[in-house]
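Written out below as structure tokens is the structure these notes cover.
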Amino acid sequence: MYRLPLCLVAYVFVLAQFIAPAEADKLRVGYPTAAPVAPIFVAQEKGYYAAEGLDVELVPFDAAGPIPVAITSGSVDIALAGSTASFFSLASQGAVKIIAGAVHEVPGFHAEAIVATDKGYDAGVKSLTDLGGHSLATTTIGSSFYYALGLVAEKYKIDLKSLRIVQTQVNANTVSAVAGNQVDFAVGTFTGFTPLINEGKAKLLAYIGDEVPWQIAFILTSSKIADNQPETVEHWLAAYRHAAKDYHDAFTDAKGTREDQAGAPAILAIMEKYLKQSAAQLEANIGYVDPEGRLDVPDVHHQAEWFASQGLVKGKPDADKIIAARYIRPWTGMHGTDGSR
């Protein structure tokens, strides 16, 4: 009477030896250390990567410039990175692809900023119209900050050639240059400048998003991964979009306005852990992240053309070849308004 169940037990035991759980895909994911990249580590903390069958190692960078190089070399597999000339140079050679949008500069949200040093303010740098002829610190010529500066210069008719640019290489050095009054003003992450502003050692001139909205950062991967591992990419994007929605919903009201919601404390606690700043500091540094990871395709075209016009990228990059269209959800602006430049 008991032989059939015992046989079934033995069968299940033998079968289990051959049907082991699928091993999680291992990915190294890079990101610059700034507040709006939070969905990258929110997805880790909330288990969204694991739920998609991914084993993710997070790799922080002090600046966006080296990230596309790390993608190309295979040091990281997927990354959130700001728009840079180095990205467009590598992407135009077919090495790197955009698979989603990440951070957008929009009014009311604070990702990048321009600040005056005490020295610069005393020398007359009191508004964006005063920038011409002065010295500034930013990571590199060709960085996302340099592009933002170019947009501001275009808006206020400032000759970029009149500026003396000190290239600091990493955000931390830009902050040090401001603290030490080594320049008149600086362009960088508002996250880095906040302590200096709070201590009275720097003066906020403008948030970039209030002046010149644009697609500041993308999700990148290598062309090899984009072309040959679509399931892995889709699983990663599903986890990222889940976390991006959490971030968006924590800091954005129903009208698309910057306002803390019920989920804000939990997201801020995760950000504190990874960015080593207090919730009070980070709360003033919230950049806009689209909950679907949508990409402002027309703006990517504008960026490619602008970097080429500055002689920072050879030839004219074909933005359509840089974008991995199979993964893209196009940006049409916040709540359906036209978000393109």
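The values are calculated or read from the model by the stated rules, or taken from the named source; none is laboratory data. Small disclaimer: the values here were computed from a predicted structure and weren't measured. Every residue, glycine among them, receives a Cβ derived from its backbone with ideal geometry; neighbour counts consider all protein chains shown. With ligands, DNA and RNA removed, areas are computed over all heavy atoms of the protein, side chains included. Shrake-Rupley method; radii C 1.70, N 1.55, O 1.52, S 1.80 Å.
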| remark: If R0 = 45 Å, then Asp227 and Glu154, at their Cβ-Cβ distance, give a FRET efficiency to the nearest 0.05 of 0.80
| remark: Put Tyr247, Tyr274 in order of accessible area, largest first, probe 1.4 Å, and you get Tyr274, Tyr247
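Are there any trypsin sites (Lys or Arg not before Pro) in region 276-319 that are in a DSSP loop and have at most 14 other Cβ atoms within 10 Å? List them by number.
Values: sites: Lys276, Arg294, Lys314; in loops: Lys276, Arg294, Lys314.
Taking region 276-319 and a limit of 14 other Cβ atoms within 10 Å, the loop trypsin sites (Lys or Arg not before Pro) found are Lys276, Lys314.
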| task | Sticking with the crude label model, points 7 Å out along Cα→Cβ, report the distance from Glu199 to Ser73 in nm, one decimal please. | result | 3.2 nm
| query | If you stretched the chain out fully between Ala172 and Ser278, how much longer would it get, using 0.36 nm times the residue separation minus the C-alpha to C-alpha distance? | reply | 36.5 nm
| task | Report the accessible area of Tyr207, computed with a 1.4 Å probe over the heavy atoms of all protein chains in place, in Å² rounded to the nearest 10. | result | 40 Å²
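Would you calculate a helix-derived [θ] at 222 nm for the chain, using -39,500 (n - 2.57) for each DSSP H run of n ≥ 4 and dividing by the full residue count, to the nearest 500? Walk me through the intermediate numbers first.
Details: 16 runs with 145 residues, N = 341.
That comes out to -12000 deg cm²/dmol.
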| What ³J(HN,Hα) values, in whole Hz, does the Karplus curve 6.51 cos²θ - 1.76 cosθ + 1.60 give for region 196-207 when θ = phi - 60°, with x put for Gly and Pro? | 5, 5, 5, 8, x, 9, 7, 10, 5, 9, 5, 8
| Roughly speaking, to the nearest percent, how much of the chain's 1.4 Å accessible area is carbon and sulfur? | 55 percent
| query | Short version: ³J(HN,Hα) in whole Hz for each residue of region 77-85, in order, from phi by Karplus 6.51 cos²θ - 1.76 cosθ + 1.60 (θ = phi - 60°), x for Gly and Pro, what are they? | reply | 9, 9, 7, 9, 8, x, 5, 9, 4
| Alpha-carbon centroid distance for the pair region 195-209 / region 112-136, whole angstrom | 11 Å
| message | If you fit an axis through the alpha-carbon atoms of helix 230-251 and take the longest principal axis of the Cα set of the chain, what angle between them do you get, 0 to 90°, nearest 10? | response | 60 degrees
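Using a 1.4 angstrom probe, figure out how much accessible area region 201-246 has per residue, in square angstrom, rounded to the nearest whole.
Values: 1680 Å² over 46 residues.
Solvent-accessible surface per residue comes out at 36 Å².
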| Per-pair calculated FRET efficiency, R0 = 30 Å: Ala262 and Ile165 via Cβ, rounded to 0.05 | 0.10
